[in-house]
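Q: Handing you this structure, nothing more for now.
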Amino acid sequence: MTNRRQPPRWWAELLLLGLVYAAYSGGRLLARGDVGMAVDHGLAILRLEELLAIDLERPLNRLFTAQPVLGVPADFVYASLHYLVTPAVLVWLYRRRPQQYRFARTWLMLSTLLGLVGFALLPTCPPRLLDASYGFTDTMARYSSYGWWGGEASAPRGLGSFTNQFAAMPSLHVGWALWCGIMLWSCGRRPLVRALGAAYPAVTTLVVMGTANHYFLDAVAGAAVMGAGCLAARALPAGITGVAASAPHTTRTAGFRGKSTIVSGGWETSAGELLPVQRSAVADPAAVPRTDGAAGGMAGHPGRAADESPESPEDAPAAAR
């Protein structure tokens, strides 16, 4: 038998993930904050970026607004993939990579809860909701007739009031995309899967800035939250994450209840032996250089000294015993 860890029951995982997502969605609504405070936080982030010359969201937003061939697909990516790719990667890990699933799931949940703390402590107005004098255009409102989303947010039409539009810092769009990318890159075996893992977080970062839904520092904070969630998941007991913190390296694989999975159990049969004999490499004369010119045994009987070989083949079973 092998030591492959089986994933937990699917219905228990579905319930757990549903509870975490419900807490996340409900927390976003409760952590709306004051409008004036959210605008002040957004302007403070924008001024800091201008000071550091990293306000990349402004030229990207102009490009996405001027070119519908970029703006419309970007709106679809922002409104859809966030809710499709992440569950798909979770299911893929559950079914194909059960040994990595527990840690990946725990990492994602902890990072999401950390992001919720950020929404509560730092409500932030996204660029698209700032005054038009700051030079931003809400591309999702501009191209809302092309998709299923409304003009208020990425939520379906008429449900924009049920979302927290001041949950810009940190960007969990970028955080979840980074998690997906890392899992696809580290667990994928095909070059195409790994290439998608590298491209997805990069495309998501460009999309959230080009659609004026996040600042560049929101994306940086989303990546930082995922890093903190990874460290927190590694600090948890191995029984929760399924990953041992520091397992010693051994050449044998532990099987059922810690028993060795080596079928022979150390019993070997040399040429000419009718019954197996248990020996170690150190005790085996064939593994020790001889100084008397012998090659470690008689021809046809490797592993035995010449004076220990039986007189005839009929004596082999007795000698083996």
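The values are calculated or read from the model by the stated rules, or taken from the named source; none is laboratory data. Since the model is a prediction, treat every value here as computed from it, not as a measurement. Note: ideal-geometry Cβ built from the backbone for every residue, glycine included; neighbour counts use all protein chains shown. The protein model used for the area step is the full one, side chains on, heavy atoms only, and it has no ligands, DNA or RNA in it. Shrake-Rupley method; radii C 1.70, N 1.55, O 1.52, S 1.80 Å.
Q: May I ask you to list the residues in region 169-207 that are without any contact (Cβ under 8 Å) to a residue 40 or more places away in the chain, closer than 27 Å to Ile45 by Cα and under 12 Å from the mean Cα position of the chain (by Cα)?
A: Listed by number, the list holds a single entry, Gly181.
Q: Separate question: Could you list all residues from region 94-143 that are among the hydroxyl-bearing types (Ser, Thr, Tyr) and free of Cβ contacts under 8 Å to residues at least 24 places away in the same chain?
A: Across region 94-143, the qualifying residue is only Ser133.
Q: Evaluate the following for Phe103: is it in a helix (DSSP H, G or I) and over 17 Å from Phe166 (Cα atoms)?
A: Here the answer is yes, as Phe103 does meet what is asked.
Q: Checking the structure you have, find out if any residue of region 242-256 is at pLDDT below 50, open to solvent by 20 Å² or more (accessible area, probe 1.4 Å), assigned to a helix (DSSP H, G or I) and on the phi > 0 side of the Ramachandran plot.
A: no
Q: Related question: Is it the case that some residue within region 217-229 is closer than 23 Å to Ala141 by Cβ and surrounded by fewer than 16 Cβ atoms within 10 Å (Cβ to Cβ)?
A: So far as region 217-229 goes, no, none of its residues is closer than 23 Å to Ala141 by Cβ and surrounded by fewer than 16 Cβ atoms within 10 Å (Cβ to Cβ).
Q: Turning to a different aspect of this structure: For region 117-145: of the residues being of a type in the set (Ser, Thr, Tyr) and not in a helix (DSSP H, G or I), which is surrounded by the most Cβ atoms within 10 Å (Cβ to Cβ)?
A: It comes out as Thr124.
Q: In a helix (DSSP H, G or I), over 14 Å from His214 (Cα atoms), open to solvent by 50 Å² or more (accessible area, probe 1.4 Å) and of a type outside the set (A, V, I, L, M, F, W, C): does that describe Tyr83?
A: Here the answer is yes, as Tyr83 does meet what is asked.
Q: Further, regarding this structure: Evaluate region 6-19: report whether one residue or more is at pLDDT below 90, outside any helix (DSSP H, G or I), in contact with a strand residue (DSSP E or B) (Cβ under 8 Å, 6 or more places away or on another chain) and not basic (Lys, Arg). Outline the logic, then answer.
A: In the first step, residues of region 6-19 are kept if they are at pLDDT below 90; the result is 6-19.
Adding the requirement that they be outside any helix (DSSP H, G or I) leaves 6-9.
Within this subset, residues satisfying the condition of being in contact with a strand residue (DSSP E or B) (Cβ under 8 Å, 6 or more places away or on another chain) are none.
No, every residue in region 6-19 fails to be at pLDDT below 90, outside any helix (DSSP H, G or I), in contact with a strand residue (DSSP E or B) (Cβ under 8 Å, 6 or more places away or on another chain) and not basic (Lys, Arg).
Q: What do you reckon, is Thr112 at pLDDT 90 or above, of a type in the set (Ser, Thr, Tyr) and closer than 16 Å to Ala74 by Cβ?
A: In short, no.
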